[in-house]
Amino acid sequence: MNISIDHPFDRSPRRFDRSHGAHSLKVRTLSWMAGLCLSALIPFASATSASAAERVTLTYGFVEISTTVDALQSYADTGIADRELNAYLRFLSTEQRTQFRQALQVRQDIDHVQMSQFLYSAIGDNILRVMGNIIQTQGRQDGAKGLRGALVLAAAEPEGLSLLSVLDQFPTDNVRIDSQRAFRAFGALTGLIQDTDRAIAAIRAQSAPASLMQANAPTLDALSAPGPYAVTAETITVVDRDRNRDLITDLYLPTDAPPAGIIVISHGLAGDRKGFVTVANHLASHGYAIAALEHPGSNTARLYDLFRGVASEVSDPTEFSDRPYDVSYLLDELTRMNEPGDTLAGRLDPNRIGIIGHSFGGYTALALSGAQLDYDTLQANCDSIAFIYGGANPSMALQCTALLDPAQFDENLRDARIQAVIALNPVTSSLFGPEGFAELAIPSLMVSGSVDPVAPALPEQIQPFTWLNEGDRAAEESNPTQRPAHYLALIEGGSHLYDPLDIEGADRVALANGLVNADPELGYSYLKALSLGFLRAELEQDPVYQDAFDDASIVQLGAQPLPLYIVRSLTAAMLNPPPAPTEPLTPPPVIDVAPPQPNP
């Protein structure tokens, strides 16, 4: 059933026209977007090039070596360097030489038209801004403009996009690569992986076994089992004419059930309302009404509008405020539809409302729950090339676009009707910063994957959770009764996406890029169990669920290949425990020995 609703209430007009619609997301598109953000190899600009780079100047500190693109190609193919290139390679460690050759060999199949559209968006600009400091013109000028054109032309080549094809298409006869910055960027990535591994090891070492949970606590298997209610689904379209937003929403409703608490699901960047159908059906079978909406300024259709040239951005800068307003507007409509004589009369309970958001939707959910945007922190981080290099955090390409609409940082995005929030792999670090994140006002559950390449676990969820704990302790000291419950669910080995991708060959591509969990079925069983248990504890105030983890700060659950940790309390000190004391060396005992007597 499709229902179209024109909402008569007044809203402040927004600043951008919107393109909307619904399309299926092609997995290859998702793979190259994430891969481009992650690999830190390249990005590029006009449709034609007057000349192409024949020589490459490789710099390493004060060392500067000139070689040819052909010599680089030969080294990539054979591992043998000519005299010029060998003069450069001898300054690199064995590990750096391996990294250098691997970078030359990587190829990706990317549509050149889509590449062009993406690189003219704000996110593409952010990527180019960083990479333009690594790949420069011979005169040491920022290489961003030349990179944009070279990327597009290289992507059009039959053999696919590679660093060498980009260099071959660079619009000057000589291009300069700052090797130190390139290796610094790579070092930041490997450093992030190592720091994350240490944090996971610390959490693992300090975790308690599941046997320490309350004896009557429900198991993961019980929580992930279907509920007692049959589920019906229907689609509504809520039209916010003042903001020019058509909010297409799928409603999942339990049949023959008491009035249902409302759970809104907010999708990620370039996603849609179908992303978490498994969770929606599961929660509805347990008596909740699920409203999975589509954000028209940052959904799948908008991505294709960008590729067709209809839109200039994959996500408007105003989405950081428009998305939360979408949810509040939808809740207004659902409340109205629940009134006597209306479409959903009496089927909903507007006094029990929660929200689930993934990635960009995780940000959306947290902003609605009290976390405050922090303009100064975001601007400082986005202006710092050193921060971008040091962070190795692809989600910053999205976060920095919020600065293009500074007015939204003064807006109050919290919706006091929402009583519990679940944020899956959210982007949080610079948008909120420590102070803004500590303002989270309601019980929360963050879900994190330890090998998430898009929103890395350590900077985007684990460290922000420690900020949240610090804010909790301050709040508890001033008013102990007001401390909300906060949890972090860490999936060791978990990635950014939960849905297996059913396009032929696409699941293998996505898995190879580290975007989809290694065991999607197990990952979804976790989401079903965690969301139901958390909502039972916080919306229903069920003491069995509330007390489940009170006996330990960290509990280890789950199964291989994705162990699960539930964290109730975490501090920066816990992530970096001091080394175990070593036993002091005991000096050898002093033995009194009588001096030898002289012979008589």
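The values are calculated or read from the model by the stated rules, or taken from the named source; none is laboratory data. Model, not experiment: these values are computed from the prediction. As a convention, Cβ positions derive from the backbone with ideal geometry for all residues, glycine included, and neighbour counts pool all protein chains shown. Ligands, DNA and RNA are stripped out before the accessible areas are found, and what is left, the full protein with its side chains, is counted by its heavy atoms. Shrake-Rupley method; radii C 1.70, N 1.55, O 1.52, S 1.80 Å.
Here are the numbers for this structure:
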{"quantity": "Gyration tensor verdict on region 56-99 (Cα atoms; rounded if a/c is under 1.5, prolate if a/b is larger than b/c, oblate otherwise)", "calculated": "oblate"}
{"quantity": "Rough spin-label spacing in nm, given labels placed 7 Å along Cα→Cβ, for D142 and A407", "calculated": "2.6 nm"}
{"quantity": "Over region 81-182 - Rg/Rh using Cα atoms and the Kirkwood inverse-distance radius", "calculated": "0.98"}
{"quantity": "Solvent exposure ordering (accessible area, 1.4 Å, most first) of H112, H282", "calculated": "H112, H282"}
{"quantity": "E411 accessible area, assembled protein chains, probe 1.4 Å, Å²", "calculated": "40 Å²"}
{"quantity": "Reciprocal of mean inverse Cα separation for region 290-345 (Kirkwood radius, Å)", "calculated": "12.9 Å"}
{"quantity": "Kirkwood hydrodynamic radius of region 356-468, from inverse mean 1/r over distinct Cα pairs, in Å", "calculated": "13.8 Å"}
{"quantity": "P(r) tail fraction, region 266-402 - alpha-carbon pairs more than 25 Å apart, %", "calculated": "37 percent"}
{"quantity": "With all protein chains modelled, accessible area of T255 [1.4 Å, Å²]", "calculated": "40 Å²"}
{"quantity": "Value in Å of the Kirkwood radius, where region 241-332 supplies the Cα pairs that are averaged", "calculated": "14.0 Å"}
{"quantity": "Heavy-atom accessible area order for T219, T237, T67, T232, largest first, 1.4 Å probe", "calculated": "T219, T232, T237, T67"}
{"quantity": "Evaluated at q = 0.11, 0.15, 0.18, 0.20 Å⁻¹: base-10 log I(q)/I(0), Debye formula over Cα of region 183-342", "calculated": "-0.69, -0.96, -1.06, -1.15"}
{"quantity": "Accessible area of I80 in the full protein assembly, 1.4 Å probe (Å², nearest 10)", "calculated": "120 Å²"}
{"quantity": "Accessible-area ranking of Y487, Y565, largest first, probe 1.4 Å", "calculated": "Y487, Y565"}
{"quantity": "P(r) histogram, all alpha-carbon pairs of region 333-414 included - 10 Å bins from 0, percent", "calculated": "15, 33, 26, 14, 9, 2"}
